[in-house]
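**Q** My questions will all concern the structure given below.
The values are calculated or read from the model by the stated rules, or taken from the named source; none is laboratory data. Remember, predicted model here, so these are calculated numbers, not experimental data. Quick reminder, even Gly has a Cβ in these numbers, built from the backbone with ideal geometry, and neighbours come from all protein chains shown.
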Amino acid sequence: MDMDSILKRAQEFQHLMSKKQEELAVRTVTSTVGGGMVTVIVNGKFEIVSLQIDKVAINPNEAEMLQDLVVAAVNDAMRKAKEMTQSELARLTGGLGLNIPGLFGG
C-alpha cells in the first residue's frame, strides 16, 4: 500500500467517524429508577436530554433519597450511552478493538 492509499483510507475513516458522531448525537438511552420515580434520558454525546421526577419522590423530609435516585439514574444512563457508543464504534472498526482515548466518552 502506498502513502496516497493510506492517506485516502485515513480520510475515509475520519469521515465515517464524523458521520457516526452525528448519528449518535441524536440517539438516546433511558434509565428509570425507584419504580419510575426518576427517569433520565441521555444522548450519544453524553448530554442529559431529559430528567423527570415523579411528584411522589419530592418530599423535603427525604431529599437525600431523591438525590440518590437522581445520581443512580444519571450514572446508569451514562453507562448505557457509553455502551451504545462503544458498540457503534466496534461496528465501524469491524471489531478491531480500537480504543481511542476521548472518543465517544472513552
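**Q** Test of understanding: among MET3, MET84, which residue is in contact with a strand residue (DSSP E or B) (Cβ under 7 Å, 6 or more places away or on another chain) and not acidic (Asp, Glu)?
**A** MET84
**Q** State all residues of segment 34-67 that are in contact with a helix residue (DSSP H, G or I) (Cβ under 8 Å, 6 or more places away or on another chain) and either touching a residue at least 60 places away in the same chain (Cβ under 8 Å) or of a type outside the set (A, V, I, L, M, F, W, C) (or both); if no residue qualifies, say none.
**A** Within segment 34-67, GLY34, THR39, ASN43, GLY44, LYS45, ASP54, ASN59 qualify.
**Q** Hey, among ALA77, ALA90, ALA63, ALA72, which residue is of a type in the set (A, V, I, L, M) and exposed (fewer than 13 other Cβ atoms within 10 Å of the Cβ)?
**A** Of the residues listed, the single one that is of a type in the set (A, V, I, L, M) and exposed (fewer than 13 other Cβ atoms within 10 Å of the Cβ) is ALA63.
**Q** Looking only at residues that are in a helix (DSSP H, G or I) and either crowded, with 18+ Cβ neighbours inside 10 Å or touching a Pro at 6+ places or on another chain (Cβ under 7 Å) (or both) in segment 1-44, which one is modelled with the highest pLDDT?
**A** GLY34
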